[in-house]
Structure formats: structure tokens, C-alpha cells
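Where a number appears in this text, it was derived from the coordinates with a stated rule and is not lab data. Because the structure is predicted, anything quoted here is derived from the model rather than measured. Because the Cβ atoms are built from the backbone with ideal geometry, glycine has one as well, and the counts that use them run over all protein chains shown.
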Amino acid sequence: MKQILIVCLSFFIFSCAGIPTEALNTYKTSFNSFNATSDEFLVQFGQTIKWIKDREAEQQGRKQRVYQPYPKALPDSKPVGAIDPNVAEMRRALQVISKYNDTLTALAEGKSIEAVGNTASGLTNALNGLAGLTIAAPVANLVATVAQELERARLREEFRNALAKGAPIINQMFVIFEENIKTHYNNNVLFANERRTLIVEEIIDEVTLLQKLVKAHKAPAPDDKFKEVSGRQKALNNILVPISKEAVVKDAYPYPLQTNSTGHDWTPSVESNLTASIEQIQQNVESYSAEIDRINALAKSLTAYKGMLDTTKNCLDKLLAAGEEAPQLLWQAEYILGLAFQVKQNLAEIRRAEIAAR
Amino acid sequence: MSNAKSIKDTYDDSLLEIQKVLFSQEATPEKKEVARQSLKDLTTALLLHNLHTIEGRTAILSALIVELQEVINSVQIENPLNKIAADLTVVITRAKDLFKEEKEQIS
């Protein structure tokens with residue numbers, strides 16, 4: 001009767017669903033890729049926060065009415081090069097999630113199952129012969145097997161509990177990451193709008209000076225060694241194409257270069273001033289374009305990074321919902337590796353644009 | 001209309017007005033200086049608003065880190081009964097040995 005009971009119990013335990021290891025592995029692969037790419041994002045994120053704090057300090061400085069060449073109040077003690085607390089907390093969150101994933105892995109690996117089997121065998125061996133008690137070998141084996149299966153069931157329960165409690169917390173952390181990614185982009189757009197506007201202002205001011213310079217002079221005679229004004233006009237129009245869609249500019253473009261028949265003679269000095277002015281405009285337009293390239297590369301990079309986060313969230317949801325059948329997650333693993341490469345590629349573009357914008 | 005959308009629309013409208021002055025060929029240097037300062041103030045105000053939002057999220061993140069750490073601490077990777085059974089095995093083996101010694105002494 002006892003043996004039948006043990007066999008039935010064993011059958012019941014064997015028939016229960018196991019830990020979804022495939023779903024766990026895919027989620028971990030996805031998270032690890034996201035985590036590895038996060039350093040790059042967090043460096044940028046921290047840099048932008050530093051710019052904002054510098055801006056805040058600058059604004060505070062402007063409000064200060066009395067000159068004071070030292071801090072107004074004792075600054076917080078902070079080691080030089082300390083990581084911004086917002087960045088530090090995001091890193092800490094990633095570390096805790098990693099630790100949590102390791103805990104799930106340890107449960108899935110089930111090293112304690114073998115340990116429990118060995119202990120059960122040891123215990124039956126020890127009991128064998130004690131006070132005339134005899135335990136037959138098949139029964140001893142069955143006891144060890146049942147103990148192992150009970151341990152497997154305990155681990156499975158522990159795994160499900162850990163997942164049920166931990167996954168919603170991680171999902172909330174991921175939402176914060178997602179929101180910070182969006183805010184990071186918005187902050188960069190704000191900085192870029194300001195820089196772009198100031199660059200265009202400089203360009204328009206330079207164009208205005210250029211127009212005034214040309215208007216103060218007669219057109220160079222055809223036999224002079226000077227470039228024709230029409231050629232200059234064509235060059236200027238081409239240079240200004242990137243900014244031609246900006247507000248006000250779109251109505252004024254192309255900016256005409258008109259000579260004045262009653263003006264001064266065209267001299268080598270006018271010629272060189274004109275050349276220098278057009279070169280300056282070109283340089284500013286290049287900085288303008290580089291700023292736009294930087295933001296476009298950032299947008300692509302952040303979209304790919306957010307894609308990695310979405311995929312990781314998706315893998316976690318599938319792991320949470322995984323029942324007896326292992327979910328099909330292979331595509332996520334390949335997809336996330338592609339996104340990681342995209343992020344790196346876009347970061348290289350951002351760096352190139354940053355150098356060009358200087 | 002959501003708050004974020006309303007802020008964005010107001011920002012866009014303000015930026016456009018500032019650009020109209022800065023990109024104009026007729027505006028006086030004084031007018032342009034005012035516009036430049038307005039641009040800086042507008043950008044700074046929104047950046048600081050965003051920074052405060054990030055700091056608010058960081059506070060929530062800190063609480064979530066503590067919660068997840070508690071979940072990790074509550075997980076039992078090793079079976080607590082296994083330790084008891086292993087200790088029990090040692091005791092029984094020792095009892096058996098003592099019993100055997102006693103039996104040998106009597107006989």
C-alpha cells in the first residue's frame with residue numbers, strides 16, 4: 001500500500017510542469033545585451049544631466065547681484081568625477097536585476113536536487129541496521145528519488161514565487177528606463193534647438209553683412225580678375241540650402257547679392273572680405289548640419305536601445321506567462337543582437353557629428 | 001490636451017516667435033539680445049523641468065531596488081530541510097557506532 005502511494009506521488013510530481021529554462025535563457029540573453037549597451041547610454045545620459053546642471057549653475061550665477069568669486073554656500077562633499085546620482089541609481093537597478101536573474105538561474109539549475117538525493121541516500125543508509133531496521137535497496141532508491149522530486153517541486157514553486165514577485169518590479173524599473181530614454185532625447189532636442197537657432201542667427205547676420213558689402217560697391221568689370229557676383233550668388237544659394245527651411249529664412253531665401261552702380265569700386269580688399277565672409281557662412285552651415293546629424297543619429301541610437309528594452313520586457317512577460325510549453329523566443333535573441341549592433345553604429349555616427357559640430 | 005502636449009505646444013510657439021526676431025534682417029541688436037536671452041531662459045526652464053522629472057523617477061527607482069533586493073533575499077536556493085537531514089544523518093551514524101561499540105563491550 002505504502003509503495004503504491006509512493007509510486008502515485010512520484011507520478012504526480014513527475015507530471016508537473018518544470019521551470020521554463022528556455023524562456024529564462026532567452027530573457028537573460030536579452031537583458032544581458034541591454035545591460036551591456038546601457039553603459040554607453042548612461043554615459044550620454046549623465047553628460048546631458050551635467051550640461052543641465054551647468055546651465056542651472058550659470059543661471060544662479062546670473063541672478064547673483066553681488067560679485068563673489070567663490071561658492072555662495074558650502075558645496076556638497078562629492079569626490080571629483082563622482083557619478084551623477086540619477087545615473088548611479090540606474091546602474092544599481094541594472095545590477096540588482098542581474099543579481100535577481102542569477103537567483104532565478106540558480107533555482108533553474110537545481111543544484112540542490114542532487115544534494116537532497118545524496119542526503120536522502122545517506123539518511124536511509126544510516127537508518128539501515130539501526131535497532132534492527134532493514135531498508136531494502138529499491139525502497140532506499142525510491143526514497144531518494146521521491147526526495148529529489150519533492151525538491152524539484154519546491155524549486156519550481158520557489159521559482160514561480162520569485163518570478164511572480166520580481167517581474168512586476170522589474171517591469172516598473174523598465175518603464176522608468178523607457179521614460180528616461182525619452183526625456184534624454186527631449187533634453188538633447190532642447191539643446192539642439194537652441195544651438196541651431198543661434199547658428200542660424202549668426203549665418204543670417206553674416207549674410208546681411210555680405211549683402212551690405214556687395215551693395216556698397218559697383219559690380220567688378222568683366223575684364224577684372226575678380227569673380228563674378230553671379231557666381232558668388234550661386235555659391236551662396238547652394239551653401240544656404242540646409243537652412244532654407246527654417247522659419248523666416250524660407251521666405252527670404254535666396255538672399256540676393258546686389259551691386260550698386262553708384263557705389264565704390266570693387267577692390268582686392270572687397271574681394272578677400274567677400275571670400276572670408278562666404279567661408280565663415282559655410283563653416284557655420286556645416287556646424288548647423290552636424291548638429292542636425294548628431295540629433296538624427298541620437299534618435300536612431302535611442303530607438304534601437306529602446307527596442308532592446310522592449311524586447312527584454314517582452315521576454316520577461318513571456319517568461320512570466322510560460323506554462324508547460326516553452327515559448328518560441330528564438331527571434332528575440334537574434335533581433336536584440338541586431339539592435340545592439342545598431343546602437344553601436346549610431347553612437348559612432350553621433351561621435352563623428354560631435355567632432356564636426358565643434 | 002495633456003500637460004506634456006500643452007508644454008510642447010507653448011514651447012514650439014515661443015521658439016517660433018524668438019526665431020522670427022533672431023532670423024530677421026531688420027531687428028535691432030537690442031531686440032536680438034532680448035530674444036537670445038529669452039531663448040536661453042526658455043530652454044533652461046524646460047531642461048530644469050525635465051531634470052526634476054528624472055530626479056522624481058530616480059526616487060521611485062530607489063524604492064524599487066529595495067523591493068527587488070527583498071525578493072532576492074526571500075528566495076531559498078538551498079533546501080532548509082536538507083541541512084537538518086544531513087545533521088540527522090551524522091547523529092544517527094554516531095548513534096549506530098556507539099551502539100555497535102556498546103554491543104561489542106557487552107559480548
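Structure above, values below:
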item	result
Cβ charges +1 (Lys, Arg) and -1 (Asp, Glu), total dipole of the protein assembly as shown, debye	340 debye
Over chain A, relative contact order from alpha-carbon pairs under 8 Å, at least 6 apart, %	28 percent
Shielding by other protein chains, A:118-126, mean Cβ within 10 Å	5
Proximal charge balance of A:Thr37 [Cβ under 14 Å; K/R count +1, D/E count -1]	+1
Chain B - Rg and Dmax from Cα coordinates, angstrom	37.4, 123
Inter-chain Cβ neighbour average for residues B:14-24, partner chain, 10 Å	5
For B:26-38, mean number of other protein chain Cβ atoms within 10 Å	1
Positive-pole candidate from B:Ile7, B:Phe99, A:Ala140, dipole of the protein assembly as shown, charges at beta carbon	B:Ile7
Helix runs (DSSP H) in chain A reaching 15 Å along axis by Cα, Kyte-Doolittle at least 0.5	A:2-15
Per-pair calculated FRET efficiency, R0 = 41 Å: A:Glu286 and A:Arg92 via Cβ, rounded to 0.05	0.50
Alpha carbon centroid spacing (whole Å) that separates the stretch B:1-58 from the stretch A:80-131	52 Å
Potential lengthening between A:Ala82 and A:Glu206 on full extension [0.36 nm per residue; Cα-Cα distance subtracted]	40.4 nm
Exposure proxy ranking, count of Cβ atoms within 10 Å, fewest first, for A:Arg195, A:Arg352	A:Arg352, A:Arg195
Sorted peptide list for B:20-28, A:290-298, criterion being average Cβ within 10 angstrom, highest first	A:290-298, B:20-28
Chain A, Cα convex hull volume normalised per residue, Å³	228 Å³
Eligible lysines near A:Lys344 by straight Cα distance, threshold 24 Å, same-chain separation 8 or greater	A:Lys28, A:Lys50, A:Lys182, A:Lys300, A:Lys306, A:Lys313
Qualifying lysines (Cα of each under 28 Å from Cα of A:Lys234; at least 8 residues distant if same chain)	A:Lys212, A:Lys215, A:Lys218, A:Lys225, A:Lys245, A:Lys250, B:Lys20
